[in-house]
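Visitor: My questions all concern the structure below.
Computed from the coordinates by the stated procedures, all read-outs in this text should not be read as laboratory data. Here the structure is a predicted model, which is why all the values come from computation and not from measurement. Positions of Cβ are generated from backbone atoms using ideal geometry, with glycine treated the same way; all protein chains shown enter the neighbour counts.
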Amino acid sequence: MTRRSTWIAAPSAALAALVLLVIAPATSQATLVFTRNALNPSVFAANDNGSGAHRIGPGSNPRVSPDGQTVAFYRPGRGKQPSELMVAPAAGGAAKALAENWQDPFVFDWSPDSQTIAVLLGPEIGARRLTTIDVATGAEYTVAGGYFNGVSFSRDGAEIVYGRSSSEFGSKGDVYRFAIPIGQPIRFIPPVALTQDHRSSSPLWGPSETIVFVKHLGEKRRRYGPKNELFLMNPSGKRVRRLTHTRVEPLLSGLSPTAWSSSGKHLLAEFGGQDTTYAVTVNPKTGAERTLTREREVGFVGTAISSDGRLVLGSIGGFEPGPGHKVVSIPYKGGRPKLLAKNASEPDWSR
């Protein structure tokens, strides 16, 4: 914030003095976004404490840029009109379509400088295109085609990591790193496979050049499919180590990474499976886990973490949005939820 100062003349018979009055800057607010009215959804934006909520427009799955200035959200297709990736100013204003046929909103990331979005485009059924889009110009670049399960920008925004599967619902897949082309003419560098075990997915690039990702374990001995465990590696695919040792019952899948804090000392994950989803904090050094809710089916769904790692953002009411849902924040170390928005779900913030 810019420091403001006001000069005031102090009257005196002998001498005119000037007193510097320093006015403290107002407390800055990050941006919170969420969806309301599940049957006819609309996207809203507010301050990160829930105050000043205002409607952005019809749609769902909002994602706010790291600088808090722009909201990306999903607008479903109608008739021959395809689904669209919309962007709008968080403060309010006209929304514009950035791309058509946006699919799988959970495979999404903003670049750290808030200038580029990574998304999946393509048909509702079948292979998609992992695509980076320049928000200012709408210019698209196709990274790869196929079936994907995660994408994440590096902290400098120069590269992405992504998970690619052999089929739409298959667990066989690997994690790749890709350097975003720059310069004129564009110099293309092929993606680099960071894993080759065909059971890795859902990468999330964190601080200190650390990538957390999922390995699917126990496929042969588990009756209903493998379980997810979190692993760590560096951007070269080396120094791989197992982070979590989670008990995963039949019909449940286990952990998937959600968000890192800026320091890398706090990691948020989501435990999922049939009729089950709830937020879990994971110690990035020891792998120790802590659930943030006692409920398993209608509990706390974590979606983001504050940059300082102190608060976890999410919604109460379960995975499927509904009128009883509430957007709340919960201390990372555990505690009572703080209400941010009623009749709301799918939250994200720039805090």
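Visitor: Under a Cβ-Cβ cut-off of 13 Å, what is the net charge of the residues other than GLN69 that fall near it, where Lys and Arg count +1 and Asp and Glu count -1?
Guide: Around GLN69, the surrounding residues sum to -1.
Visitor: For region 271-336 and region 251-268, what is the separation of their C-alpha centers, rounded to whole Å?
Guide: Taking the Cα centre of each part, region 271-336 and region 251-268 sit 10 Å apart.
Visitor: Another question, if that's okay. If exposed means no more than 15 neighbouring beta carbons inside 10 Å and the site is in a DSSP loop, what's the longest run of the chain without any exposed chymotrypsin sites (Phe, Trp or Tyr not before Pro)?
Guide: Segment 225-351 is the longest.
Visitor: Also, I was wondering about something else. Show the residues, 5+ positions off or on another chain, whose built amide H is closer than 5 Å to the amide H of GLY324.
Guide: The list, which skips near neighbours in sequence, is empty: none.
Visitor: Is region 209-281 rounded, prolate or oblate when judged by the Cα gyration tensor, a ≥ b ≥ c being the square roots of its eigenvalues, rounded requiring a/c under 1.5 and prolate requiring a/b larger than b/c?
Guide: It comes out oblate by the Cα gyration axes.
Visitor: Note down the relative contact order for the chain as a percent, whole number, built from C-alpha pairs under 8 angstrom at least six residues apart.
Guide: Value for the chain: 11 percent.
Visitor: Enumerate the amide H contacts of ALA90 below 5 Å, restricted to partners 5 or more residues apart or on another chain; note that Pro and chain-start residues carry no placed amide H.
Guide: Sorted by chain and number, the residues that satisfy this are THR70, VAL71.
Visitor: Then there's this: Under a 5 Å amide H to amide H cut-off, with H placed in plane at 1.01 Å, what residues pair with THR244 once short-range neighbours are removed?
Guide: When sequence neighbours closer than 5 places are left aside, the close amide H contacts are LEU230.
Visitor: Give the residue from THR142, GLY157, LEU217 lying farthest towards the positive end of the charge dipole for the chain; charges sit on Cβ (+1 for Lys and Arg, -1 for Asp and Glu) and the dipole is referred to the Cα centre.
Guide: Positive-most Cα among the choices belongs to LEU217.
Visitor: Just to be sure I understand: with springs between alpha-carbon atoms less than 10 Å apart, which residue in LEU98, LEU255, LEU313 has the highest mean-square fluctuation in the Gaussian network model of the chain?
Guide: Ranking LEU98, LEU255, LEU313 by mean-square fluctuation puts LEU98 first.
Visitor: Within region 4-257, how many lysine pairs that are 8 or more places apart, or on different chains, have C-alpha atoms less than 21 Å apart?
Guide: 7
Visitor: Count charges around SER256 for me, please; just the other residues with Cβ under 11 Å from its Cβ, Lys/Arg as +1, Asp/Glu as -1.
Guide: Net local charge, SER256 excluded: -2.
Visitor: Follow-up question, since we're still on this one. Karplus couplings for region 63-80 from phi (6.51 cos²θ - 1.76 cosθ + 1.60, θ = phi - 60°), rounded to Hz, Gly and Pro as x?
Guide: Result, rounded to whole Hz: 9, 9, 5, x, 7, x, 9, 10, 10, 9, 7, 9, 10, x, x, 9, x, 7.
Visitor: Could you pull out the trypsin sites (Lys or Arg not before Pro) across region 233-326 that fall in loop regions by DSSP (anything but H, G, I, E, B) with no more than 10 other Cβ atoms inside 10 Å?
Guide: LYS238, ARG239, ARG247, ARG294
Visitor: Tell me, what ³J(HN,Hα) does each residue in region 273-278 have, in order and in whole Hz, if you take phi through Karplus 6.51 cos²θ - 1.76 cosθ + 1.60 with θ = phi - 60° and put x for Gly and Pro?
Guide: Rounded to whole hertz, the list is x, 4, 6, 9, 6, 7.
Visitor: Pull up the cross-link candidates among the aspartates and glutamates for LYS285, meaning alpha carbon to alpha carbon under 16 Å and not fewer than 8 places away within one chain.
Guide: Answer for LYS285, where 16 Å is the Cα cut-off: GLU209, GLU229, listed by chain and number.
Visitor: List the lysines whose Cα sits under 26 Å from the Cα of LYS326, skipping any in the same chain fewer than 8 residues away.
Guide: LYS338, LYS342
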